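Each value in this text was obtained by applying a stated rule to the coordinates, not by laboratory testing. Keep in mind that what you see is a predicted model, and the values were worked out from it rather than measured. Please note: Cβ atoms are built from the backbone with ideal geometry, for glycine as well, and neighbour counts cover all protein chains shown.
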Amino acid sequence: KENTDAPGVEHFMKRLAFCNIKSKFAADSSKRIIAGLYKDVAKELSFKAACQPRQGYVIDVTPEKIVIAGTDEDGLRYGWLTLSALLNESGKMNCVQITDYPDFLERGGHYAPYGKTSEDKLKRLIDEIFL
């Protein structure tokens, strides 16, 4: 089975590189990222959080560790994307506790090209919309 949170992890690694942070996390490091499905990593959270609806996630950032708990792999991917947004350009991140899930069961999009749009530009736009 394909790991569907991979685009989120990839985006996070690009953000780390942008902030000049090494992307390797040592297993024996005092600071670590724990990411997985809620049922597997909920015990690592520093606060009580209910499992979110489909595509939901919980993020817990403390000085000791970061935990991303996705209800499903889509939620885990969205958690990685949110974690990327929390990392500022200096490579620092505030301690936070986030629970999030989609308000709508379906997401829509509309694109009205202005002028001529190349196939490559259109593909990049579609990838960005569905990230």
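Nearest 0.05, what FRET efficiency do Lys92 and Ser46 give at R0 = 22 Å with Cβ-Cβ as r? It would help to have the intermediate numbers written out before the result.
On the way: r = 19 Å, r/R0 = 0.87.
According to the calculation, E is roughly 0.70.
Pairs with C-alpha atoms separated by more than 18 Å, drawn from the list Lys22/Lys92; Lys65/Lys92; Lys22/Lys65; Lys14/Lys123; Lys43/Lys65, are Lys14/Lys123. Each label was represented as a point 7 Å from its Cα along the Cα-to-Cβ direction; for Arg124 and Met13 these points are 2.2 nm apart.
Highest mean first, the peptides 86-99, 114-127 sorted by other C-beta atoms within 10 Å per residue fall in the order 86-99, 114-127.
Note on Tyr101 and Arg54: their simple-model spin labels are 1.2 nm apart, each label 7 Å out from Cα toward Cβ. Relative protection proxy for 71-84, 5-18, from highest mean packing down: 71-84, 5-18 (other beta-carbon atoms within 10 angstrom).
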